[in-house]
Amino acid sequence: MIIKSCSKCSGRPYTTNTDMLTCPYCSERLSVELVSLEDLCDRKEISATGNYSEQDHTEQDNQNTTGWGSVPPVPPVSYDNNSSKTENAPDNNHDANLVCKHDNTIRGRISQYSCTGREDGNYRRLFFVRWFQALVYRQRLEDTLHRFTVRVEDEKDSSGYSNYRDVPVNVHGTISRGLQLADNMEVEVSGKYNNGVLMASSVHIVNNGYKSKVNFQRSVRAIVSGIVFVLMLLFLCFIGSSSGLGFWNGIGTFLKLWGIYAVVLTVLYLVLVFTRIGIMFTMFRGREARFPIMGILIISMILAVLSLYAFAPYL
């Protein structure tokens, strides 16, 4: 038979009420077990109302022990004028309240898990999209996407049946330290929504009430990009102070020249690709060539610097 039990209380008390989420005495999340009737002979049962049975109370009082049965009774639940629970009141619907109060943090089981690293590997994001998601949604810059759905339990309806909703989740990066995501895992996910999809900034795996954080590797691309960005700022400051056109005028002129040369090189590259030489080169490589954005930017920057210092007196 299927039961729910508390792993924190002494003797692992159990209940056959599968709708009960937490232990009414220690607030520990109840775990699901598959047991036989013989295994339940020496274990105490939590009644359907979430309290100890009268027999368990009598036995514990007579023996004057300090085990599970001697835990002080649960304080009564009081409500204010807005029908909200007091701070010390037990929360047997912890998951449902967590979803309602903090909708950017959800808890449930994984389904339909997939990872682009295990598929064709052709998942790519644009440069600006990658950085936007990194800054706004705290995503890794790696083009490794973990996609799954979390089934969240909402509040019960008037008939006592649980309502569920499926929340799609995306998270980028390579998982480190041996932890992996898989279907039927219970997780707690926090993040921000983007068009109905929760972009996860942190993922915790929940097992018997204990949470283990899923860590992601440090992105080499992010580190290199950060260093290049700092060097580029220093380079622009050097251009503005040494061009002889004034600080801001020198930087503006350099950026204009850089953009003009980048456009010209892009047009020349596209023309070359559709010529006979470009087609033969692509066939010789045996695979489709990617657009050389970094090469065009570097070459156009060098040309812009040479033009700035060569024609600075005439600009």
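The values are calculated or read from the model by the stated rules, or taken from the named source; none is laboratory data. Worth saying up front: this structure is predicted, and the values here are computed from it rather than measured. Reconstructed Cβ throughout: ideal geometry from the backbone, glycine too, with neighbour counts over all protein chains shown. These area figures cover heavy atoms from the full protein model, side chains too; ligands, DNA and RNA do not enter into them. Shrake-Rupley method; radii C 1.70, N 1.55, O 1.52, S 1.80 Å.
Would you calculate the separation in nanometres between label points at Ile299 and Asp166, each defined as 7 Å from the Cα along the Cα-to-beta-carbon direction?
Inter-label distance under the simple model: 4.9 nm.
Tell me, what is the FRET efficiency for Asn104 and Val230 to the nearest 0.05, using R0 = 35 angstrom and their Cβ-Cβ distance as r?
That gives a FRET efficiency of 0.65.
Over region 140-277, what is the percentage of antiparallel beta bridges among all DSSP beta bridges, to the nearest 5?
Approximately 90 percent, going by the DSSP bridge assignments.
I'd like to compare 228-234, 255-261: which one has the highest average count of other Cβ atoms within 10 Å, and what's the full order after that?
Per-residue mean Cβ counts within 10 Å order the peptides as 255-261, 228-234.
Could you give the spread of the C-alpha atoms of region 152-259 along their three principal axes, from largest to smallest, in whole angstroms?
78, 35, 19
Cross-link list Lys8/Lys44; Lys8/Lys213; Lys8/Lys211: which exceed 19 angstrom alpha carbon to alpha carbon?
Lys8/Lys213
Length gain on complete extension for the stretch Asn215 to Val136, per 0.36 nm per residue less the alpha carbon to alpha carbon distance?
26.5 nm
Whole number in Å², please: accessible area per residue of region 199-270, 1.4 Å probe, ligands, DNA and RNA not counted.
62
Mind giving me the FRET efficiency for Asp39 and Ile223? R0 is 35 Å, r the Cβ-Cβ distance, nearest 0.05 is fine.
After rounding, the FRET efficiency stands at 0.05.
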